[in-house]
Amino acid sequence: MSESNQHAEQVTAVILAGGMARRMGGMDKGWVELSGKPLISHVLETIKPQVDRCLINANRSMDAYSALGMPIVSDLEGDFQGPLMGMATGMFHAPTDWVMFVPCDTPSLPDDLVSRMLKMANASGAEIAVANDGQRMQSVVALIRRELLESLQAALKDGERKVDRWYGQHKVVEVDFSDKPDAFVNVNSRDDLAELQQMPALLGFVAWSGTGKTTLLRKLIPLLKEQGVRVGVIKHAHHKFDIDHPGKDSYELRKAGADQMLISSHTRWALMVEEDQGDYPSFARMLSRMDHSTLDLVLVEGFKREAIPKIELHRTVLEKDLIHPTDDSVIAIAADRPLALQREMPQLDINDETAVLQFVLDYLAEQQR
């Protein structure tokens, strides 16, 4: 039996959809649509393959939730008492030793959430494992031993409604998901939904140094602009860089010790931040600094570790190994001659920017459906 199947047999997933959603104007968040389907469907598609069984904790829209084919469990006690009551309800109905809780308004959960949570819980001997996105604990994305049900019911009887306070009574381990910080973005308000819907498509370009990533992008960007595509670019520099120079006022003020320096003119502005990001800057943080509402597509040069769709560029004269055999995120290859590939994917001519343009336009259209 595979490790993932062993994980599945130990865990029941409970999707928490029983709240009042006051910040959504009382609308049942599970049925708010994102990219043409309700949030609850996004969550189910990700979490169901990771577990053996799945329950939905809901207190309204019962017919709609029942149509999803999952068992529906309503709060053990009424009056919308919050996530702790939903957790107690899930633990009461779950038949497994571990219960994985996720909210219905988190549409981008990791596809390895359960396995990583269970592995850390078992390794640490914890009774509760809670996801951490690298900045904060995600309190309602939690794996909890079912044997804690009696403790939780006692806390609820005493009037406890704070998740973190109840966690404090037990052995808790935080599971690091800083490699997937955007996985726990949730929809608490209409503004959150609008921001998610405005997220531009991402497409990376990866290659060995000297292949011509920047050269191709310099040709591709004006062609995309001619097609009306609003383009942003994120580039990973492997060395120190400056965007201003000694003698310029902005340079002198920054070097004087300013942690942030914003310079503005009537045609452009730039923010320079002095910050140690370690060996590898956070792609998610860099992406979050862009105004998504003004972009259709973000082209990413470098950041080859990121699991975003990528085009691999390859020139045979460099005699370098292909990248795609060890990177499942590569969706196409642009090379200077046809190649024998280990898996089937589109092959483009790296010297034909029109062909690359058409592939990018087709990709963008697919992402915007």
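The values are calculated or read from the model by the stated rules, or taken from the named source; none is laboratory data. All values reported here derive from a predicted model rather than from experimental measurement. Here Cβ is always computed from backbone atoms with ideal geometry, including for glycine, and neighbour counts include all displayed protein chains. Heavy atoms of the whole protein, side chains included, go into the accessibility calculation; ligands, DNA and RNA do not. Shrake-Rupley method; radii C 1.70, N 1.55, O 1.52, S 1.80 Å.
Results, tabulated for the structure shown:
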item: Matching option when the condition is over 30 Å from PHE283 (Cβ atoms) and either in contact with a helix residue (DSSP H, G or I) (Cβ under 8 Å, 6 or more places away or on another chain) or touching a residue at least 24 places away in the same chain (Cβ under 8 Å) (or both), among ARG116, ARG161; result: ARG161
item: Residues (of a type in the set (S, T, N, Q) and modelled with pLDDT under 75) located in region 222-259; result: SER250
item: Hits in region 348-369 - residues which are more than 23 Å from the chain's Cα centre (by Cα) and either buried (at least 16 other Cβ atoms within 10 Å of the Cβ) or β-branched (Val, Ile, Thr) (or both); result: LEU348, ILE350, GLU353, THR354, VAL356, LEU357, PHE359
item: Selected residue (criterion: farthest from PHE184 (Cα to Cα)) from residues of region 39-79 that are open to solvent by 20 Å² or more (accessible area, probe 1.4 Å) and of a type in the set (Gly, Ala, Ser); result: GLY78
item: Count - residues of region 156-179 that are open to solvent by 90 Å² or more (accessible area, probe 1.4 Å) and of a type in the set (S, T, N, Q); result: 1
item: Among the candidates MET100, MET117, residue that is modelled with pLDDT of 95 or more, closer than 20 Å to GLY168 by Cβ and hydrophobic (A, V, I, L, M, F, W, C); result: MET117
item: Whichever residue in region 302-347 is at pLDDT below 90 and of a type in the set (Lys, Arg) and, among such residues, is nearest to the chain's Cα centre (by Cα); result: ARG305
item: Region 141-184: number of residues that are within 16 Å of ARG116 (Cα to Cα) and more than 16 Å from the chain's Cα centre (by Cα); result: 7
item: Helices (runs of 4 or more DSSP H) wholly inside region 31-121 that include at least 1 residues being farther than 23 Å from LYS180 by Cβ; result: 62-66, 83-93
item: In region 133-158, the residues that are at pLDDT 95 or above and closer than 15 Å to PRO103 by Cα; result: VAL141, ALA142, LEU143, ILE144
item: Residues (aliphatic (A, V, I, L, M), within 17 Å of TYR167 (Cβ to Cβ) and open to solvent by less than 40 Å² (accessible area, probe 1.4 Å)) located in region 108-140; result: MET117, ALA121, ALA126, ILE128, ALA129, VAL130, ALA131
item: Leading residue by the ranking (farthest from THR316 (Cα to Cα)) among those in region 192-218 that are at pLDDT 80 or above and open to solvent by 100 Å² or more (accessible area, probe 1.4 Å); result: ARG218
item: Test: residue in region 348-355 that is farther than 19 Å from THR211 by Cα and out of contact with any Cys (no Cβ under 7 Å at 6 or more places or on another chain); result: no
item: Selected residue [farther than 29 Å from LYS304 by Cβ and touching a helix residue (DSSP H, G or I) at 6+ places or on another chain (Cβ under 8 Å)] from ALA121, ALA129; result: ALA129
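So that you can scan it fast, the table gives a plain yes or no per residue for (1) closer than 17 Å to GLY212 by Cβ; (2) of a type in the set (Val, Ile, Thr); (3) surrounded by 17 or more Cβ atoms within 10 Å (Cβ to Cβ); (4) in contact (Cβ under 8 Å) with a residue 40 or more places away in the chain:
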{"residue": "MET286", "(1), (2), (3), (4)": "no, no, no, yes"}
{"residue": "VAL300", "(1), (2), (3), (4)": "yes, yes, yes, yes"}
{"residue": "ARG305", "(1), (2), (3), (4)": "no, no, no, no"}
{"residue": "LEU313", "(1), (2), (3), (4)": "yes, no, yes, yes"}
{"residue": "LYS320", "(1), (2), (3), (4)": "yes, no, no, yes"}
